[in-house]
Amino acid sequence: MASAPPSLSTARPPTAASPHGDRRRGALPPLPSCGARPPSRGGLRALRSVPLRRCVVRAALSTADRSAAPVESGEGKELLLEVRDLTAVIAETGQEILKGVDLTIYEGEVHAIMGKNGSGKSTFAKVLVGHPDYEVTGGSMMFKGENLLEMEPEDRSLAGLFMSFQSPIEIPGVSNADFLNMAYNARRRKLNQPELSPIEFWAYVYPKLDLLNMKADFLNRNVNEGFSGGERKRNEILQLAVLGAELAILDEIDSGLDVDALRDVAKAVNGLLTPKNSVLMITHYLRLLEFIEPRYIHVMENGKIVKTGDISIAKTLEKEGFKGVSEM
């Protein structure tokens, strides 16, 4: 298939040692200072009983209408994600949802996708991570030079692709500590690094709780079991902080959050940004973009990215709706 023409999303404005220790795989000990109960129902053994695809994936599962803009090469940065003419259907019914999506993301960039309900935003995110409810029927998806279409969902996660879901599921019987420890060690194995023992992992994860304003005994609770909506969203970002993914896809991470919780989550995401990793946010609201400032905003309509620009797009949406954007 011939390559699609470069999209505006590729356009760029002018340039203005880990400890080794022992490798025991037992359940993680509780923190004595927080009074937390120890991981229950089998610790890591319970986690191993959960299918890998469901547990480790997740975490860790445009052609724009301004084509006259100049296209540059990413200011010397490495290309992280390149999607060309992507089409996809619902696997069960064959209904086409994505109808030719083009998107390019370089390292160190923050992108946001906005659009009406049913425009294909969440479907696009799920297709990137290999959700089984969708089937790719055409186009290409390359991540760090690897063909995502040839990778299983867990392999995409281990390669550095992370997705925060709108409605994270519960995993009864598996503590956050055990889940995160297994997922993180799986990523270290992928990078040919030694696994962390339970004690080493406590030392690694503890500072990341402060980043999200979370209590230490949160780690000893079962994954998302009995969590409020805000706690689930914080837990998603904690997973991102632990796994250290190169590309984080945040699907409506702001939904259900009050202002304080949104500020904590945004602070954590901003704290995780480096010149080497990137974020792709999906949102309906300007308020998230005021906390996590994107470099590019893409508008999706009818399964395609139809417009790409800066924060002014979101501001126009907030004031005038999608009719105002179409007239920009």
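The values are calculated or read from the model by the stated rules, or taken from the named source; none is laboratory data. The structure displayed is predicted, hence computed values, not measured ones. Positions of Cβ are generated from backbone atoms using ideal geometry, with glycine treated the same way; all protein chains shown enter the neighbour counts. SASA here: full protein model, heavy atoms, side chains in, ligands and nucleic acids out. Shrake-Rupley method; radii C 1.70, N 1.55, O 1.52, S 1.80 Å.
Here are the numbers for this structure:
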| item | result |
| --- | --- |
| Pairs of lysines in region 115-250 (C-alpha under 29 Å apart; 8 or more residues apart or interchain) | 15 |
| FRET efficiency, Asp133 to Ser228 (Cβ-Cβ, R0 30 Å, nearest 0.05) | 0.70 |
| Cα centroid separation - region 96-153 against region 168-183, whole Å | 26 |
| Proximal aspartates and glutamates relative to Lys315, as straight alpha-carbon distance under 15 Å, when same-chain residues fewer than 8 apart are discounted | Glu290, Glu293, Glu327 |
| Average accessible area per residue (Å²) across region 208-299 - probe 1.4 Å, nucleic acids and ligands excluded | 35 |
| Reachable aspartates and glutamates from Lys304, criterion Cα separation under 12 angstrom, eight or more residues apart if same chain | Asp65, Asp85, Glu96, Asp102 |
| Length added when fully stretched, Leu273-Glu320, from 0.36 nm per residue minus Cα-Cα | 13.8 nm |
| Surface share of carbon and sulfur [accessible, 1.4 angstrom probe, percent] for region 171-226 | 53 |
| Region 113-255 - share of DSSP beta bridges that are antiparallel (%, nearest 5) | 50 |
| Amide H within-cut-off set for Gly139, under 5 Å, with H built and near neighbours excluded | Thr87 |
| Carbon/sulfur fraction of accessible area - region 254-328, other protein chains in place, 1.4 Å, % | 50 |
